[in-house]
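Visitor: Quick one: the structure is below, questions incoming.
The values are calculated or read from the model by the stated rules, or taken from the named source; none is laboratory data. Not measured: the values here are computed from a predicted model. Quick reminder, even Gly has a Cβ in these numbers, built from the backbone with ideal geometry, and neighbours come from all protein chains shown. Heads up: the accessible areas ignore ligands, DNA and RNA and are worked out on the full protein's heavy atoms, side chains in. Shrake-Rupley method; radii C 1.70, N 1.55, O 1.52, S 1.80 Å.
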Amino acid sequence: MTEVPLIYHPQSDAGGIEAIDVTATLGQGGEIELVYRVTGAIEALKIADPAKPDRADGLWKNTCFELFVGNPEDKSYLEYNFAPSGQWAAYQFSGYRAGMAQLETGAPIISVAQSGDVLIVSVTLYVPDTKRDANLWAGISAVVATKSGEISYWALAHPAGSPDFHHKDCFALKLEARSGV
């Protein structure tokens, strides 16, 4: 288990959010468990109403959380989006923003809890066998939208220039399977 802070992109405003911390765990069976902990003005966030936990596009129009998974020696990568509404998306890319296709995968398990100024979004998903190897890196990020229309972009690391979660500089966390008991 690894806990990491996300940082907001310098070209965006934090939108009343003080911090986003994420705990990431890669299980031996290829499952990834993520716990996003958002602290700050939660009441100001634009969060879609709870919905049927189906696949949906355009989740970034409201507050959503993202995971990118890839191997630095391979141009292909996966993108997952998780909304506090319970909706999700999964895509595969053959290269940097190229060859985008729906990733055929099971639905992640998403749970949400809020207490005062803290929003917790927990996610469990399975990485396809073709992406499981000893050199698996993750880009963990969040798009935070406010009811007033501001959007901030949070990630482990940001490349120079505009926010771009697809950039390999954002794949800043090596995922290592926890040891069995």
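Visitor: Could you identify the single residue in Ser85, Ser76, Ser94 that is in contact (Cβ under 8 Å) with a residue 12 or more places away in the chain and buried (at least 17 other Cβ atoms within 10 Å of the Cβ)?
Guide: Numbers: Ser76 fails: buried (at least 17 other Cβ atoms within 10 Å of the Cβ); Ser94 fails: buried (at least 17 other Cβ atoms within 10 Å of the Cβ).
Only one candidate qualifies: Ser85.
So that you can scan it fast, the table gives a plain yes or no per residue for (1) of a type outside the set (D, E, K, R); (2) under 15 Å from the mean Cα position of the chain (by Cα); (3) at negative phi; (4) not in a loop (DSSP other than H, G, I, E, B):
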site	(1), (2), (3), (4)
Ile7	yes, yes, yes, yes
Ser12	yes, no, yes, no
Val22	yes, yes, yes, yes
Glu33	no, yes, yes, yes
Val38	yes, yes, yes, yes
Pro50	yes, no, yes, no
Asp57	no, yes, yes, no
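Visitor: Could you please give the count of residues in the stretch 121-144 that are surrounded by fewer than 21 Cβ atoms within 10 Å (Cβ to Cβ), part of a strand (DSSP E or B) and of a type in the set (Gly, Ala, Ser)?
Guide: Counting residues in the stretch 121-144 that are surrounded by fewer than 21 Cβ atoms within 10 Å (Cβ to Cβ), part of a strand (DSSP E or B) and of a type in the set (Gly, Ala, Ser) gives 1.
Visitor: Tell me, please, whether a residue that is of a type outside the set (Ser, Thr, Tyr), in contact with a helix residue (DSSP H, G or I) (Cβ under 6 Å, 6 or more places away or on another chain) and modelled with pLDDT of 95 or more can be found in the stretch 123-140.
Guide: Going residue by residue through the stretch 123-140, those that are of a type outside the set (Ser, Thr, Tyr) are 123, 125, 127-129, 131-140.
If we keep only those that are in contact with a helix residue (DSSP H, G or I) (Cβ under 6 Å, 6 or more places away or on another chain) too, we end up with 139.
From what's left, modelled with pLDDT of 95 or more: 139.
Yes; the residues of the stretch 123-140 include at least one that is of a type outside the set (Ser, Thr, Tyr), in contact with a helix residue (DSSP H, G or I) (Cβ under 6 Å, 6 or more places away or on another chain) and modelled with pLDDT of 95 or more.
Visitor: Take Thr39 and decide whether it is closer than 19 Å to Val112 by Cβ and open to solvent by 10 Å² or more (accessible area, probe 1.4 Å).
Guide: Considered against the rule, which asks whether it is closer than 19 Å to Val112 by Cβ and open to solvent by 10 Å² or more (accessible area, probe 1.4 Å), Thr39 comes out as yes.
Visitor: When Phe68 is evaluated against the numbered criteria (1) without any contact (Cβ under 8 Å) to a residue 60 or more places away in the chain; (2) under 19 Å from Asp129 (Cβ atoms); (3) assigned to a strand (DSSP E or B), which criterion, by number, is the only one it fails?
Guide: Among (1) without any contact (Cβ under 8 Å) to a residue 60 or more places away in the chain; (2) under 19 Å from Asp129 (Cβ atoms); (3) assigned to a strand (DSSP E or B), Phe68 violates only (1).
Visitor: Report yes if Asn62 is touching a Leu at 6+ places or on another chain (Cβ under 9 Å) and surrounded by fewer than 17 Cβ atoms within 10 Å (Cβ to Cβ), otherwise no.
Guide: Numbers: touching a Leu at 6+ places or on another chain (Cβ under 9 Å): yes; surrounded by fewer than 17 Cβ atoms within 10 Å (Cβ to Cβ): no.
Judged against the criteria, Asn62 is not a match.
Visitor: Taking the stretch 97-120 as the search range and keeping residues that are part of a strand (DSSP E or B) and of a type in the set (Gly, Ala, Ser), which one is most open to solvent (accessible area, probe 1.4 Å)?
Guide: Of the residues in the stretch 97-120, the ones part of a strand (DSSP E or B) are 98, 101-102, 109-115, 118-120.
Retained after the next criterion (residues that are of a type in the set (Gly, Ala, Ser)): 98, 101, 111, 113, 115.
Values: Ala98: 41, Ala101: 40, Ser111: 63, Ala113: 53, Ser115: 85 Å².
The extreme case among them is Ser115.
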